[in-house]
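Any read-out appearing in this document is the output of simple, stated calculations on the displayed coordinates, not a laboratory observation. Only a predicted model underlies this, so the values are computations on that prediction, with no experimental measurement involved. When we count neighbours, we look across all protein chains shown, and the Cβ atoms used for this are built from the backbone with ideal geometry, even at glycine.
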Amino acid sequence: MSNATELLGTSIGLGGAKIINDTNRHNGKYRVIHALADTVFDEFVDSTLTGTITGITIKQGTSIGGHVTTIKLISGTIIAYE
């Protein structure tokens, strides 16, 4: 499967999705994270990310793509696409 095909499938939810709105640690293989409400991450592990987005408010409607394996929220609601 090409990267473009995989990204398209992920963006329309073909790999499955999980709504996260608690402060538990969630582990998985997430490709796209979409903020359904203003969200602050306590933990955000992405093998493609240099730096950190923890403690920063991610505005509602923002999407982040990558290879996310761990998510833990301080506040907010996201949908994590696999």
With +1 on the Cβ of every Lys and Arg and -1 on the Cβ of every Asp and Glu, and nothing else charged, how large is the dipole of region 3-81 about its Cα centre, in debye rounded to the nearest 20? 100 debye
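Quick one: length gained pulling residue 69 to residue 82 fully straight, 0.36 nm per residue minus the C-alpha distance?
3.7 nm
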Can you run phi through the Karplus equation (6.51, -1.76, 1.60; θ = phi - 60°) for region 26-39 and list ³J(HN,Hα) in whole Hz, with x for Gly and Pro? 10, 10, x, 10, 8, 9, 9, 10, 10, 7, 7, 8, 3, 9
Measure off 7 Å from each Cα along the Cα-to-Cβ vector at residue 19 and residue 59, then give the distance between these two points in nanometres to one decimal. 2.4 nm
